[in-house]
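What follows is a single structure, written as structure tokens, with notes after it.
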């Protein structure tokens, strides 16, 4: 698991994220394809589980620290750690150094890991220098910025830049694209009425955009938004941006049934 | 505050269509106007850094600046009273009012006076209290607490306010026109003008206290602060200790951010500096000037991990930009201080036992921190409250249990993947030909209002191992 000094191709550890693992593996495979197409070598360590956010944001600092240490041990041998999620990448990049600041053994390792951890689209654009992907998606889409991508990692342009190169794709920005979808992890089930009111407003803005497909970089937001759109009978489909960029859109959209036959 | 009461209030607020329409004012008004004001000021972010540094510096040397401030107030002929608790502050103000023989007190808008329950205390002693900020006047005649720290009645529409005026403004003709905002403002102005003139004591808060000059600063858009300060014979300023800044220059830095962040104005219509009582030869002004400095838990906050909260300048930007506040409004928080700033400050002032929902009811979207003019890391501070709440066993047992079971598995990758690769295909089969669950046993918290997209079929790790074995990956 070390970089071969002879090759320039960086070794990326894919942080699959627990939601992608459980709900939508196709996003993970799309991420692998995008990274490989851009010249990276990709490995997916099997000992990974979750970045620890459910514990961290519930106030369970001890379990959050234990999981952070495990992630560091699993991934510190890679040149880069990439996640198809702003939320999980933000946890590694922004929160691990804080969480482990008072742990003398792990504080420097947390900082080192933070420096080489990235969200997928920003890694493709900013580190690997990708400016165009080979993909076709002849659909009018709108893009939802996850709060962690937008505010924690300042990732706003990278997904849009890559989408601009997708053949046939048109991007119609919705109003209030900087506003949260109301997911917030456990928030969406601890305070369901409030989360629902927030995602209802988001669903209205999506409808107003006129797009046929909603894309985002975080599966948490996507499950929440797709769940709302499905409940209100909207025909807008939801996909992770990586699936579109990798040209892997044959799987049914999030929350949609497999096509008969 | 019990769990049920926050959720019940939130649910009531969400179900109230009229209230929901009024809440849109926050979005249409404040958010758009702040963005415009900020974009016209290229040095906004630099000012933000400066303001943050000013507040941090002051807080680090608060004892020295408080002493310097007191010296200057005394030099200018005023007096400073330190009030460790809300009760102390109430009795100091009441004593000052009694000594002045007060029957009528006018008040400028003051969150600190709300915090200590001043009005009820004075009224119980037979003193009439007249709120003079239009929003506070409306709150007062409705017998309601403000629902927003700078826009007390943002949750009301003008028809409701007209009804309140008809009901409480005595001696005016029934059937008078109150259909427009102008009608309402004109009537309030006439009613309040009589109070300004008759008042014995004027009580204001302070947006800032300046150590260099011993001045208190009040910003308003109605001029009611000026009339409250200058017409009565006694002016009492009631402010909490963290309102202090070292110099006039520092005050101006904060003022440049305050209105832009709150209402989106470059500056409020009135910015009133008061320094001591009227001097010999001054055409007007109070004969006495007293400052009541409230601690009420601030010293403890100052010494702990929530210190950054004391930078707050009460602009209201975090409320305006919070999706939770935007959904449920201020009253549901059950605290004078709602929204993100209230979610951090309320437990610090009253204890986490009384406010555990407030820091928990956030999606951590981070917009509050982004718009805060003094860069308070509000989500991080809310998370610290969650940690304290978790340590004391605050979350419901079921939540703690689920979290512990999940953590148990997540810390054991083999077990975790075994569970995942067993459960996921089971769930995927359960949903059969449909792609989402409309309901799930034990899942109603989600499926009550949203479908749950079903898993695709197998876990990523299971599929990845299969591919590796077949040599595809």
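Quick notes on this one:
- Qualifying residue in the stretch A:9-19 (condition: in contact (Cβ under 8 Å) with a residue 12 or more places away in the chain, surrounded by fewer than 24 Cβ atoms within 10 Å (Cβ to Cβ) and assigned to a loop (DSSP other than H, G, I, E, B)): yes
- Tallying residues that are surrounded by fewer than 19 Cβ atoms within 10 Å (Cβ to Cβ) and within 13 Å of the chain's Cα centre (by Cα) within the stretch A:106-135 yields 0.
- Residue check, residue B:471 touching a helix residue (DSSP H, G or I) at 6+ places or on another chain (Cβ under 8 Å), more than 8 Å from every other protein chain (Cβ to nearest Cβ) and not in a helix (DSSP H, G or I): no
- Some residue of the stretch A:62-81 being under 16 Å from the mean Cα position of the chain (by Cα) and at negative phi: yes
Yes/no per residue for (1) surrounded by fewer than 21 Cβ atoms within 10 Å (Cβ to Cβ); (2) touching a strand residue (DSSP E or B) at 6+ places or on another chain (Cβ under 8 Å); (3) closer than 20 Å to residue B:326 by Cα; (4) without any contact (Cβ under 8 Å) to a residue 12 or more places away in the chain:
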residue	(1), (2), (3), (4)
B:136	no, yes, no, no
B:141	yes, no, no, no
B:149	no, no, yes, no
B:159	yes, no, no, yes
B:166	yes, no, no, no
B:173	yes, no, no, yes
B:179	yes, no, no, no
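- Any pair with Cβ under 6 angstrom, 6 or more apart, that starts in the stretch A:156-167 at a residue that is without any contact (Cβ under 8 Å) to a residue 12 or more places away in the chain and ends at one that is surrounded by fewer than 16 Cβ atoms within 10 Å (Cβ to Cβ) and part of a helix (DSSP H, G or I): none
- Taken together, the residues in the stretch B:384-395 that are in a loop (DSSP other than H, G, I, E, B) and within 9 Å of chain A (Cβ to nearest Cβ) amount to 2.
- Remark: residue B:285 falls outside the filter, which requires a residue to be touching a residue at least 24 places away in the same chain (Cβ under 8 Å) and buried (at least 21 other Cβ atoms within 10 Å of the Cβ).
- Every residue from the stretch A:28-48 that is within 8 Å of another protein chain (Cβ to nearest Cβ) and touching a residue at least 40 places away in the same chain (Cβ under 8 Å): A:28, A:29
- Within the stretch A:49-64, the set of residues being crowded, with 20+ Cβ neighbours inside 10 Å and either more than 7 Å from every other protein chain (Cβ to nearest Cβ) or not in a loop (DSSP other than H, G, I, E, B) (or both) comprises A:51, A:52, A:53, A:54, A:55, A:56, A:63, A:64.
- Of all the residues in the stretch A:136-156, those that are in a strand (DSSP E or B) and crowded, with 17+ Cβ neighbours inside 10 Å number 4.
- Residue list for the stretch B:435-456, restricted to those being out of contact with any strand residue (DSSP E or B) (no Cβ under 8 Å at 6 or more places or on another chain) and at pLDDT 90 or above: B:438, B:439, B:444, B:445, B:448, B:449, B:450, B:455, B:456
- Condition check for residue B:337: within 11 Å of the chain's Cα centre (by Cα), surrounded by 24 or more Cβ atoms within 10 Å (Cβ to Cβ), part of a loop (DSSP other than H, G, I, E, B) and not assigned by TED's automatic domain parsing to the domain that holds residue B:49: yes
- When A:232, A:241, A:179 are screened for being within 14 Å of residue A:144 (Cα to Cα), within 12 Å of chain B (Cβ to nearest Cβ) and modelled with pLDDT of 95 or more, only A:179 passes.
- Verdict on residue B:426 being more than 9 Å from chain A (Cβ to nearest Cβ), part of a loop (DSSP other than H, G, I, E, B) and surrounded by fewer than 21 Cβ atoms within 10 Å (Cβ to Cβ): no
- Enumeration of residues in the stretch B:398-423 that are more than 9 Å from chain A (Cβ to nearest Cβ), over 44 Å from the mean Cα position of the chain (by Cα) and more than 21 Å from residue A:258 (Cα to Cα): B:415, B:418, B:419
- Positions within the stretch B:439-466 being closer than 20 Å to residue A:48 by Cα, more than 7 Å from chain A (Cβ to nearest Cβ), without any contact (Cβ under 8 Å) to a residue 12 or more places away in the chain and surrounded by 13 or more Cβ atoms within 10 Å (Cβ to Cβ), in sequence order: B:465
- Among strands (runs of 3 or more DSSP E) entirely within the stretch B:196-236, having at least 1 residues that are surrounded by fewer than 24 Cβ atoms within 10 Å (Cβ to Cβ) singles out B:208-210, B:215-220.
- Hits in the stretch B:36-52 (condition: assigned to a helix (DSSP H, G or I) and surrounded by 14 or more Cβ atoms within 10 Å (Cβ to Cβ)): B:37, B:38, B:44, B:47, B:48, B:50, B:51, B:52
- The C-beta contact set for the stretch B:354-383 (first residue more than 10 Å from chain A (Cβ to nearest Cβ) and buried (at least 24 other Cβ atoms within 10 Å of the Cβ), second residue in a loop (DSSP other than H, G, I, E, B) and modelled with pLDDT under 95, distance under 6 angstrom, 6+ apart or interchain) comprises B:355/B:1.
- Residue check, residue B:13 in the same structural domain as residue B:349 (by TED's automatic domain parsing), at pLDDT 95 or above, assigned to a helix (DSSP H, G or I) and in contact with a helix residue (DSSP H, G or I) (Cβ under 9 Å, 6 or more places away or on another chain): yes
The values are calculated or read from the model by the stated rules, or taken from the named source; none is laboratory data. Model, not experiment: these values are computed from the prediction. Here the Cβ is made from the backbone with ideal geometry for all residues, glycine too, and neighbour counts use every protein chain on show.
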